[in-house]
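A.B. asks: Structure provided below as structure tokens; questions to follow.
The values are calculated or read from the model by the stated rules, or taken from the named source; none is laboratory data. Because the structure is a prediction, the values reported are computed rather than measured. FYI the Cβ positions are ideal-geometry reconstructions off the backbone, even for glycines, and counts take in every protein chain you see. Ligands, DNA and RNA are stripped out before the accessible areas are found, and what is left, the full protein with its side chains, is counted by its heavy atoms. Shrake-Rupley method; radii C 1.70, N 1.55, O 1.52, S 1.80 Å.
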Amino acid sequence: MKKYNISFDDITTFEVNLINACNLKCPLCLRQSNDFKNSLYYKPIREIKLDHLISFLDKLPNLRRAVLMGAVSEPTLYSKFFEFIKYLKSRDIVLRISTNGSTHNPKWWAELGTLLSKDDIVRFPIEGPTNELHSKYRVNSSLQKVLENHKALKENSEAITVAQMIQFQYNRKYKNDVKELAKKEGFDYCTWIKCYPSNDYIKNIRPEKKIEKFYERYFNDNIFKKEKCIICDAYNRKEIYLAHNNYVYLCGVHDEVKNSPFQKWKASLNENLDEIFKKLNKQLNSINNDICRSNCNTMCYNVGIYFPDYVNNLKTGDQYEINYFSKELTNIDEQKLKLI
Ligand SMILES: C[S@@+](CC[C@H](N)C(=O)[O-])C[C@H]1O[C@@H](n2cnc3c(N)ncnc32)[C@H](O)[C@@H]1O
Ligand code: SF4
Ligand code: SF4
């Protein structure tokens, strides 16, 4: 098998899990599983130290994009959020923020808006056109709060905003209502994405039937085990992942999943750069394992081919298919959707 190599100056993108806290209780989020609640990851609440984070990022000269999503947490709860954004913007790093949109107040979101620039993207969830439908999944959130926070940000920002709807059995028929609402509220894009696999489906809070069947086949028949790992999404995007507890992995999957083989090569932000990349290269050359195979390799790659996600440009009315491995949008090229 070909040996892969990444070095610090290859890295253009990083994802960071700033904190391990969240204010919502979305039923299928990994946070709600018992395994997770009993793990060290969940408690105590900890956040990444900003000075450690910045001194590490300062060593990566070619960064151009930051993904502030949170593996199983809410990035906007990070106490140094604005300071961190200011650092990233001082380096012209483009941001993609995925938030539940239900933290703080409109004043805070307006301030965030002023810090962002035109290539930055902020994704807010809208799980249905009414509060009842939205809060059925986004437990402890209200649609009104998300829309108010979005409005405050949008009125004070050039950033692109995306309304993201997860398609469950219970809300599928409201897809176009969500799109219309997003348009009325001034979002730039509206996207419909698949519900991911889970062991904790509740009544109709689950993916549509054919997708659920597909997942079952993959996992129950162990189909994924028979296939070879050929793609590393992180490698393709020259991306690394930084965990709230200072560990560095190729991607967040190995932070979330218990017993990842990569645990033995987890690097710490505070180690020297050579040591960190030595360990990341060990991870990269060991992707032929069941966790990689069942995540971004056979499962996601195939599910992306058979059941693509969609994004609608609300200004032009155009609809695009999103390739699983190109999930992020960018508005380089004058707001045209460009897959990277
Ligand atoms: C775990 S969340 C962390 C970020 C933030 N707290 C949020 O909810 O947007 C990461 C991503 O997973 C998405 N997500 C949550 N539940 C999902 C589900 N059942 N199926 C697919 N995506 C889901 C979120 O909308 C978000 O885009
Ligand atoms: S808001 Fe995000 S991190 Fe929080 S419970 Fe929901 S999906 Fe999980
Ligand atoms: S799951 Fe494995 S193969 Fe996929 S991006 Fe992460 S490290 Fe790479």
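A.B. asks: Can you classify the range 149-254 as rounded, prolate or oblate using the Cα gyration tensor, where a ≥ b ≥ c are the square roots of its eigenvalues, rounded means a/c under 1.5, and otherwise it's prolate if a/b beats b/c and oblate if not?
C.D. replies: Because a/c hits 1.5 or more and a/b fails to exceed b/c, the range 149-254 counts as oblate.
A.B. asks: Can you tell me the accessible area per residue over the range 8-339, all protein chains present, probe 1.4 angstrom, in square angstrom?
C.D. replies: Counting only protein heavy atoms, the per-residue value for the range 8-339 is 45 Å².
A.B. asks: Oh, and also: Would you look at the GNM of the chain, springs on alpha carbons closer than 10 Å, and say which of GLU158, GLU212, GLU83 moves the most?
C.D. replies: Most flexible of the set in this elastic network: GLU83.
A.B. asks: With a 1.4 Å probe and all protein chains kept in place, how much accessible area does ASP255 have, in Å² rounded to the nearest 10?
C.D. replies: My reading of the accessible area for ASP255 is about 20 Å².
A.B. asks: Quick one: of LYS226/LYS264; LYS266/LYS315; LYS118/LYS210, which pairs are farther than 32 Å apart, Cα to Cα?
C.D. replies: Those over the limit are LYS266/LYS315; LYS118/LYS210.
A.B. asks: Please list, by residue number, everything in the range 27-52 whose backbone N is under 16 Å from a paramagnetic label point 7 Å out along Cα→Cβ of SER79.
C.D. replies: Flagged as within label range: 44-52.
A.B. asks: Can you tell me the convex hull volume per residue for the range 8-339, based on C-alpha atoms, in Å³ to the nearest whole number?
C.D. replies: With only Cα atoms used, the range 8-339 gives 128 Å³ per residue.
A.B. asks: Provide the gained length on full extension for the span THR316 to ASP221, in nm with one decimal, where the gain is 0.36 nm per separating residue minus the Cα-Cα distance.
C.D. replies: Fully extending the segment from THR316 to ASP221 adds 29.9 nm.
A.B. asks: In addition: Taking 7 Å along the Cα-to-C-beta vector as the label spot, tell me the TYR201-PHE36 distance in nanometres, rounded to one decimal.
C.D. replies: Going by the 7 Å Cα→Cβ label model, 1.8 nm.
A.B. asks: Report, in listed order, any pair from LYS136/LYS203; LYS3/LYS279; LYS80/LYS279; LYS80/LYS154; LYS49/LYS107 with a Cα-Cα distance greater than 18 Å.
C.D. replies: LYS80/LYS279; LYS80/LYS154; LYS49/LYS107
A.B. asks: Of VAL16, ALA66, TYR201, which is farthest towards the positive pole of the range 8-339's charge dipole, taken about the Cα centre with +1 and -1 on the beta-carbons of Lys, Arg and Asp, Glu respectively?
C.D. replies: In the range 8-339, that residue is TYR201.
A.B. asks: Treat every Asp and Glu Cβ in the chain as -1 and every Lys and Arg Cβ as +1, leave all other atoms uncharged, and give the resulting dipole magnitude about the Cα centre to the nearest 20 debye.
C.D. replies: Using Cβ point charges on Lys, Arg, Asp and Glu, the chain gives about 760 debye.
A.B. asks: Under unit Cβ charges (Lys, Arg +1; Asp, Glu -1), what dipole magnitude, rounded to 20 debye, does the range 77-176 have relative to its Cα centre?
C.D. replies: 260 debye
A.B. asks: Excluding same-chain residues fewer than 8 positions from LYS194, which aspartates and glutamates have a Cα within less than 16 Å of its Cα?
C.D. replies: Answer for LYS194, where 16 Å is the Cα cut-off: GLU127, GLU208, GLU212, GLU216, ASP309, GLU321, GLU328, listed by chain and number.
A.B. asks: Please find, in a Gaussian network model of the chain (springs between Cα atoms separated by less than 10 Å), the residue of ASN313, ASN105, ASN245 whose mean-square fluctuation is greatest.
C.D. replies: So, out of ASN313, ASN105, ASN245, the one fluctuating most is ASN105.
A.B. asks: With a sphere of radius 13 Å drawn around the Cβ of ASN245, what net charge do the other residues whose Cβ falls strictly inside it have (Lys, Arg +1; Asp, Glu -1)?
C.D. replies: In short, +1.
A.B. asks: Consider a paramagnetic label point 7 Å from the Cα of GLU155 along Cα→Cβ; state which residues of the range 103-135 have an amide N under 11 Å from it.
C.D. replies: Residues 106-107, 110 qualify, since their backbone N sits under 11 Å from the label point.
A.B. asks: Provide the gained length on full extension for the span ILE231 to GLU271, in nm with one decimal, where the gain is 0.36 nm per separating residue minus the Cα-Cα distance.
C.D. replies: 11.6 nm is the gain from fully extending ILE231 to GLU271.
A.B. asks: Please compute the net charge surrounding SER135, taking Lys and Arg as +1 and Asp and Glu as -1 over other residues with Cβ under 12 Å from its Cβ.
C.D. replies: Result for the local shell: +2.
A.B. asks: On to the next question. Restricting to the range 8-339, what percent of DSSP beta bridges are antiparallel, rounded to 5?
C.D. replies: 35 percent
A.B. asks: Between the range 118-160 and the range 1-25, how far is it from one alpha carbon centroid to the other, in angstrom?
C.D. replies: If we compute the Cα centre of each part, the gap is 25 Å.
A.B. asks: Report the extension gain between LYS43 and ASN131 in nm, rounded to one decimal, defined as 0.36 nm multiplied by the number of residues separating them, less their alpha carbon distance.
C.D. replies: Result for the pair: 28.6 nm of gain on full extension.
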